[in-house]
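What follows draws every value from the coordinates through simple rules; no lab data is involved. Predicted model only: the values in this text are computed from it and were never measured. No Cβ is skipped: glycine too gets one built from the backbone with ideal geometry, and neighbour counts run over all protein chains shown.
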Amino acid sequence: MRRTVLFRLDDICPSMNAQNFQRIQDLFHKYDIKPLLGIVPENKDEKLNYGEMDSDFWKTIKILEKEGWSLAMHGVNHVYDSKDAGLVSGRKKSEFSGHGYNKQYNKISIGKKILNGHGIDTNIFFAPGHSYDTNTIKALYKNGFRFISDGRSHDCYEKDGIRFIPCRKYGYDSSSSGIITICLHINSYSEKEFVELETFILANKAEIIAYSEILKREIKSSKYLMLLDEKLYVFYERNIRYAVSPYYQRLKKRIERGGKMPWKNR
Ligand SMILES: [Zn+2]
């Protein structure tokens, strides 16, 4: 399967780090990259407050949309009020997953109305913390959403009227095949991260496509194979990688305390 690289910018809202938002626009303009912007309709997450509310924020978003950037609704308030991991995440925290259908439907509908009020009409969604469940998917469909930027398969698949565009790993994914979504959380970026990003862009330039292109690309992989692919990945993340991880944490603590590694105890 051909390797394809997509960019996604998470946590976009009027109180975000405006300086970094400008810097990423300059960088993406330089390399003609058209990412997906994950906009939080009504942010209530204090961790996303980096400065003054930008009064030109919504105007900027409309300009970027005209330039070919794609827009998604990224949650509604970005506040985790449920301890549920959902279908694909390994972390038990969510804004949606675990809540009943009606609650999720109403929340999504409020978010959509807020975006509409700013002149934004999108049918792409992704949940904070990669956490969504079957009720989220149903509620999204009923609210007119047709794409989710998430899932752990190598290629897109369509299920319950929604196309899932995978987002397998955190950080820079060096996988040799499949669809790779690089999620950037630019609010906390310093010089070092911007340099890393530019290095990655230069090394992967030939495989980067505009996010809008993946929405219309014909899916050639089998849906059932992709669902199995996702299940295996989630199983690995939840049962193997996480099971191994506490062992490494103990080792790390031991090193920090100045102890020797077990294999150096001779
Ligand atoms: Zn987020």
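Just a few scattered comments:
- Any chance GLY51 is in contact with a strand residue (DSSP E or B) (Cβ under 9 Å, 6 or more places away or on another chain) and in a loop (DSSP other than H, G, I, E, B): no
- Residue within region 191-203 that is assigned to a helix (DSSP H, G or I), of a type in the set (S, T, N, Q) and either away from the ligand (no atom under 16 Å from the Cβ) or under 18 Å from ASP229 (Cβ atoms) (or both) present: yes
- The residue that is farthest from the ligand (Cβ to nearest atom), counting only those in region 40-92 that are closer than 17 Å to ASN116 by Cβ and of a type in the set (Asp, Glu), is GLU65.
- Some residue of region 89-99 being over 26 Å from GLY171 (Cα atoms), out of contact with any helix residue (DSSP H, G or I) (no Cβ under 8 Å at 6 or more places or on another chain) and surrounded by 14 or more Cβ atoms within 10 Å (Cβ to Cβ): yes
- If the condition is being touching a residue at least 60 places away in the same chain (Cβ under 8 Å) and more than 17 Å from SER222 (Cβ to Cβ), then region 174-186 contributes SER175, SER176, ILE180, THR181, ILE182, CYS183, LEU184, HIS185, ILE186.
- Hits in region 30-41 (condition: touching a residue at least 24 places away in the same chain (Cβ under 8 Å), exposed (fewer than 15 other Cβ atoms within 10 Å of the Cβ) and more than 14 Å from LEU197 (Cβ to Cβ)): none
- Considering region 11-29, and only residues there that are among the charged types (D, E, K, R) and in contact (Cβ under 8 Å) with a residue 24 or more places away in the chain, the residue that is nearest to VAL76 (Cα to Cα) turns out to be ASP11.
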